[in-house]
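We did not get these values from a lab; they are worked out from the coordinates using the rules stated. Small disclaimer: the values here were computed from a predicted structure and weren't measured. No Cβ is skipped: glycine too gets one built from the backbone with ideal geometry, and neighbour counts run over all protein chains shown.
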Amino acid sequence: MKVIGLTGGIGSGKTSASNYLEKKGITVIDADKISREIVEPGKAALNEIVLCFGNEILNEDGTLNRKALGDIIFHDKEKRATLNKIMHSKVLLEIKHQLKELREKIVVVDAPLLIETGIDQMMDEIWVLNVHEKVQIHRIKKRDKLSDAEIEARMKAQLLPAERNKFADVILDNSGDLKDLYKQIDEALIKIDKRYKIRDKR
Ligand code: ATP
C-alpha cells in the first residue's frame with residue numbers, strides 16, 4: 001500500500017481534491033473529519049478542551065463552538081499549542097488505526113497540518129496544493145464569510161507555502177478551475193508507479 005499525504009493551506013482545495021480522488025475510487029482518510037469526531041460531546045478530547053479553555057467554547061447544546069475556539073487559538077500561539085497537544089496524538093492514533101484496516105493499493109491522507117504535526121513522516125509521498133494568495137482569500141471569503149483579519153490569522157497559523165513545498169513530492173496548482181486541478185491529479189496518479197521505481201533504485 002502506498003500512502004499519499006495530501007496537504008495545503010486553508011482553502012487550497014484539499015477537500016475538492018479528496019472528493020475527486022474518492023470519485024475515482026481511491027480511499028481518503030480525512031484528518032479534519034477525525035478532528036471533528038473526536039470533539040463530539042462525551043469524547044475525551046472535548047472534555048480536555050473544556051478543562052483548558054472553559055465552558056465559553058461550548059454551544060448551549062454542549063457541542064463545541066468551533067468559531068469561539070478558533071477566535072481564541074488563532075490569536076494566541078500558546079493556546080494554539082495547547083489545543084494541538086490535545087488533538088494531534090488522538091488524530092494520529094486514529095489515522096494509524098484506519099490505515100491498519102485498509103488493504104488498498106493507494107490511500108490518501110488529507111490533513112491540513114500534515115507537515116506541522118509530523119504526520120508526513122508516516123507517508124510514502126506528499127502532495128501539496130498551491131493556490132495564488134488572492135484566489136485563496138477570495139475562495140475562503142466566499143465559503144466561510146470570514147473577515148480579512150480572520151483569514152490572515154488562520155493563514156498565519158499554518159506553514160508558509162514555500163516552506164510546505166520543500167516537503168512536496170508533487171505540487172498541485174489549484175489557482176485555475178477544477179478541471180485543471182483534476183487533470184493534475186490524474187497526471188500525478190499516472191506517474192505514481194514511476195516515482196516509486198525511481199525511489200526504489202536509490
Ligand atoms: P480548508 O483547509 O479550509 O478545509 P480546503 O483546502 O479543503 O479548505 P476546499 O474546501 O476544497 O479547500 O476549497 C476551498 C473553497 O474553494 C471551496 O468553497 C471550494 O469549492 C472552492 N474551490 C476549490 N478549488 C476550486 C477551483 N479550482 N475553482 C473554484 N473554486 C474552487
Point to revise | Hz values of 3J(HN,Hα) by residue in region 9-18 - Karplus curve (6.51, -1.76, 1.60), Gly and Pro given as x | key: x, 4, x, 7, x, 4, 5, 4, 5, 4
Point to revise | On Cα atoms only, tilt of 178-190 relative to the major axis of the chain in degrees | key: 60 degrees
Check your understanding: Which of Lys105/Lys197; Lys134/Lys191; Lys14/Lys90; Lys23/Lys141 have a Cα-Cα distance over 19 Å?
Key -> Lys134/Lys191; Lys14/Lys90; Lys23/Lys141
Review point. Rounded, prolate or oblate: which one fits region 94-186, using the alpha carbon gyration tensor with axes a ≥ b ≥ c (rounded when a/c is under 1.5, else prolate when a/b beats b/c, else oblate)?
Key: prolate
Review point. Got the relative contact order for region 2-201 handy, in percent, Cα pairs under 8 Å and 6 or more residues apart?
Key: 35 percent
Check your understanding: Who wins for biggest fluctuation among Arg164, Arg66, Arg80 in a Gaussian network model of the chain, springs between alpha carbons below 10 Å?
Key -> Arg66
Practice item. Would you mind pulling out the separation of the Cα centroids of region 87-124 and region 145-202, in Å? Key: 17 Å
Exercise for review: Using the Cα centre as the reference, give the magnitude of the dipole from point charges on the C-beta atoms of region 27-116 (Lys, Arg: +1; Asp, Glu: -1; all else neutral), rounded to the nearest 20 debye.
Suggested key: 340 debye
Practice item. Scan around Ile106 for amide H atoms under 5 Å from its own, H built in the peptide plane at 1.01 Å from N, and keep only partners 5 or more places away or cross-chain. Key: Lys2
**Study point:** Unit charges at the beta carbon, dipole of the chain: most positive-side option, Ala68, Leu99, Pro112
**Key:** Leu99
Study note, to complete from the structure: Once amide hydrogens are built 1.01 Å from N within the peptide plane, the residues lying 5 or more places from Val131 or on another chain with amide H under 5 Å from its amide H are Asn174
Revision key, fill the gap. A correct fewest-to-most ranking of Leu83, Leu69 by other Cβ atoms within 10 Å would be Leu69, Leu83
**Study point:** Residue-averaged 222 nm ellipticity for the chain, from DSSP H runs of 4+ at -39500 (n - 2.57), nearest 500
**Key:** -16500 deg cm²/dmol
Check your understanding: What fraction of the Cα pairs in region 1-94, stated in percent, has a spacing above 18 angstrom?
Key -> 53 percent
Point to revise | Full-stretch length increase - Asp180, Asn19 - with 0.36 nm per residue and alpha-carbon distance subtracted | key: 56.5 nm
Check your understanding: For the chain, what is the charge dipole size about the Cα centre, in debye to the nearest 20, if Lys and Arg each add +1 at the Cβ and Asp and Glu each add -1 at the Cβ?
Key -> 700 debye
Review point. Sorting Met122, Met1, Met155 on the 10 Å Cβ count, fewest up front, what's the list?
Key: Met1, Met122, Met155
Review point. Which ordering of Glu104, Glu48 is given by a fewest-first count of other beta-carbon atoms within 10 Å?
Key: Glu104, Glu48
Study note, to complete from the structure: Sorted by chain and number, the residues with a modelled amide H under 5 Å from that of Leu6, at a separation of 5 or more or across chains, are Val109, Asp110, Ala111, Trp127
Exercise for review: In vacuum, with every alpha carbon of the chain counted as one equal point scatterer, what does the Debye formula give for log10 I(q)/I(0) at q = 0.08 Å⁻¹? Two decimals, please.
Suggested key: -0.29
Check your understanding: Using the Karplus equation 6.51 cos²θ - 1.76 cosθ + 1.60 (θ = phi - 60°), what ³J(HN,Hα) coupling, rounded to whole Hz, does each residue of region 36-48 give in order, writing x for Gly and Pro?
Key -> 6, 5, 7, 10, 5, x, x, 7, 4, 4, 5, 4, 5
